Every structure is written in C-alpha cells, then in structure tokens.
Amino acid sequence: MIEAVNKMELLRNYYSIYSTIHNDVKDIIKSGNYEKIILDLMNASKEIFPSRYTHLNNQAHGECDFVDVVTCEKFDAKIPIDKRQGQMIGSRKGDVGALTTEFHNEALEFQHCFVGDEKKPINELKLFEKMKNNISKTQSDENIVFFIPFPIVFDFEGSPFIGASDLLKKIYRELGASTDISEKKLYAIYISFDQKMVLRNLETDKREYLQFPEIQHYVEYNIKHIEID
C-alpha cells in the first residue's frame, strides 16, 4: 500500500510507470474464466454494482452475459482486444511479451493527444476504436463491463491523478460524442497500482477498490520518479 506521503510526493515529480503481465493472464482470457471473475467482483461490490447478478449459461442467440436478478438489467462483458491480439492470446506459442508491448504502446498513444505539433485525436486511439467496436456488437439495452487485465490507467485508491489526464475518462467522453450510448451504462474493471481491483462507472467516474487475490497478482507495477527542479 502506498503511504499518503508518497502519494503527495508524486504530485511534485514526473513519473515513469513500468508494468509486468504474467503469462497465465492469457489462460484467463482464452478460457473464458474472466466472466466468472467479473461476476464475482460485481456481486462483491457494494457501490458500483449494488444489486445481485447471475450469469446466463445459455447464450446461443447472442444473449448478454449477466442479468440483475432483481431488475433484469442486462450486462455484457468485453475485453478490448482486436482480432489479431485475440489470436496471439489463443495461440499456444503466443508471446505475452509482445502483447505487453502492444498494450503499453496503446497507453502511450494517449500522450500524443496533447504533445507535439500534430496532436492525435482521441477517436484515433487504438483503445478507443476497440471499445467502440465492442459497443457496436451489443444490443441497445445491454450495459457493458470492460474487463482490462493489462496496464492502461495509473490508478490507486485516493489517487491524486483522477482527473482530466485520465485515458478512460477522455475515451468515454469521445464515445458519448460519436456513438449513441444514451441507453447504456459503461463500466471498466482493471488492476490498480496498489494491487486492488478497480470497479469504475465510466459515466459518473465513481470508483470502488476491492481486494481480489484471484486476479490482482497478474499485473505488477513499478514506478520511477524524476524530481522536478
């Protein structure tokens, strides 16, 4: 757990984040076990997912993954990876190192939206394109839970960096401007810097942090500080 004094120190420094994805994260994705992980997290939630949810075992006709047992509200789980990345995950010889590099590059793409002579629009980011494609494959009354088992957002409980520089916040705003998501709620689940699972409502930006040992050890973060003069 990062102490409060260290969190404040981050405000006075540039920082570089390094992360490692364990090889067996591939097995979680290609086996479909991530759906059980998402369901367990939703039912453990007290704030972001305050109801009770069940998994639909029969999805022969494209039915959603989860349903609220009280309201019958629908939820579909999505991992924002493209077809080629899916093939890399499904291959026995798939290189997790190469995947990690791709995911890091997708996160770094965000920097080009703000620096340089030719700033890159949010809607040209690979992560934006993949999330938009995920949305297009769901019914209008289905909410989406994006499960992101790779480093994409620097986040920890009480983080001072929750704000305008957040990649997912920018992508959500752009999705709202270019896609009809008026009848949907979009959520994201990912691993925080302090090794907790973040459950996040992308519309309200409300977050809940849960301990979940079954998955949180698959991603490890390290940070390098560069002091500002």
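Observations on the structure shown:
- Subset of the range 201-214 (residues that are closer than 14 Å to Asn43 by Cα and either of a type in the set (Asp, Glu) or under 11 Å from the mean Cα position of the chain (by Cα) (or both)): Glu208
- Any hit, the range 160-169, residues being at pLDDT below 90, in a loop (DSSP other than H, G, I, E, B) and within 22 Å of Asn143 (Cα to Cα): yes
- Search result, residues across the range 53-82 that are of a type in the set (Lys, Arg) and over 19 Å from Ile28 (Cβ atoms): Lys74
- Candidate set: the range 184-223, residues that are farther than 25 Å from Lys74 by Cα and of a type in the set (A, V, I, L, M); chosen: the one modelled with the highest pLDDT: Val219
- Of all residues in the range 121-159, those satisfying the criterion of being among the charged types (D, E, K, R) and modelled with pLDDT under 90 are Asp155, Glu157.
- Failed criterion for Glu118 (all others in (1) in a loop (DSSP other than H, G, I, E, B); (2) at pLDDT 90 or above hold): (2)
The values are calculated or read from the model by the stated rules, or taken from the named source; none is laboratory data. Just so you know, these numbers come straight off a predicted model, no measurement behind them. Every residue, glycine as well, gets a Cβ built from its backbone with ideal geometry; the counts of neighbours run over all protein chains shown.
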